[in-house]
Every structure is written in structure tokens, then in C-alpha cells.
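J.: I'd like to ask some things about the structure below.
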Amino acid sequence: MSALINLLGVALAGFIVWWFWLSRPRAHAAGAAPVTVVVADGVYTPARIEARAGEPLVLRFLRKDASHCAEKVIFDDLQLSAELPIGKPYDVRLTPPAPGEYVFTCEMRMYRGSVVAK
Ligand SMILES: [Cu+2]
């Protein structure tokens, strides 16, 4: 009988561990929905994206501008760049390392946007 109670105790402890340590990161991931950024007519929309420092962020670029100008998006401070397909969403994953403003531009710096991390 006491063995059964011990077993239940272990199962309960396991459940508590799962609840507190393992279930939380999943809840976080579910909260981090991609932010769609439309690339058209020389502007990123939205051009300012708020984020949390240290937390992963997905920017889903939707390039509608077929001109060469819009082809690349460059995050200078994060040493990150991507080539955007035309008319198809393209996800850029990044994590702002610290609070601050992280500017992103096209290659010619005509398109401009920023991620503001708090
Ligand atoms: Cu450009």
C-alpha cells in the first residue's frame, strides 16, 4: 500500500515538474505570433515593430514590390539579411539581444523600418 502511495507521490511530483518547467516555454512560443510586414511602394508596413529583448520574434515579410530595390532586407546591427521572394511570405527570425532600436533597410537604404525592443 505504501509503495502505491509513493508511486502516486512520484507521479504527482512529475506532473508538477512538467507543469511548471515544461509547459511554460510552450505557452511562450504560442504567444509569439509572426508579425506581417508588407513591402510595397517604398515603405515597410508597419515600419515600427515593438518586441521584447531576449525573446524570439518572427517577421513575416510580404514583398509586393517587384523592383530590385525591395529584394533584400538587411538588419545591420544583427548581422542578418534575407532575400525576399515576390508575392510570397518569407519569415525572418531574430531575437533582439538587448533593449534598443534595430533598424532594417533595403540594400539602398530606401526602405526603412525598425524593431524596438523593450
Ligand atoms: Cu532599395
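The values are calculated or read from the model by the stated rules, or taken from the named source; none is laboratory data. Please read these numbers as outputs of a predicted model, since none were measured by experiment. In this analysis, Cβ positions are derived from the backbone assuming ideal geometry, glycine residues included, and neighbour counts consider all displayed protein chains. Surface areas here come from the heavy atoms of the whole protein model, side chains and all, with no ligands, DNA or RNA. Shrake-Rupley method; radii C 1.70, N 1.55, O 1.52, S 1.80 Å.
J.: What residue, among those in the range 96-105 that are open to solvent by 10 Å² or more (accessible area, probe 1.4 Å) and part of a strand (DSSP E or B), is farthest from residue 64 (Cα to Cα)?
T.: Selected residue: 100.
J.: Exactly one condition in (1) within 13 Å of the ligand (Cβ to nearest atom); (2) open to solvent by 40 Å² or more (accessible area, probe 1.4 Å); (3) touching a Gly at 6+ places or on another chain (Cβ under 8 Å) is not met by residue 108; state its number.
T.: (3)
J.: Still on this structure, please answer the following. Among the residues of the range 13-35, are any part of a strand (DSSP E or B) and modelled with pLDDT of 95 or more?
T.: Yes, because at least one residue in the range 13-35 is part of a strand (DSSP E or B) and modelled with pLDDT of 95 or more.
Results for (1) under 16 Å from residue 110 (Cβ atoms); (2) within 11 Å of the ligand (Cβ to nearest atom); (3) touching a His at 6+ places or on another chain (Cβ under 7 Å), shown as yes or no for each residue.
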| position | (1), (2), (3) |
| --- | --- |
| 47 | yes, no, no |
| 51 | no, no, no |
| 54 | no, no, no |
| 59 | no, no, no |
| 63 | yes, no, no |
| 66 | yes, no, no |
| 70 | yes, yes, no |
| 73 | yes, yes, no |
| 78 | no, no, no |
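J.: Select from the range 43-94 the residues that are of a type in the set (Gly, Ala, Ser) and part of a strand (DSSP E or B) and write down the one among them that is surrounded by the most Cβ atoms within 10 Å (Cβ to Cβ).
T.: 51
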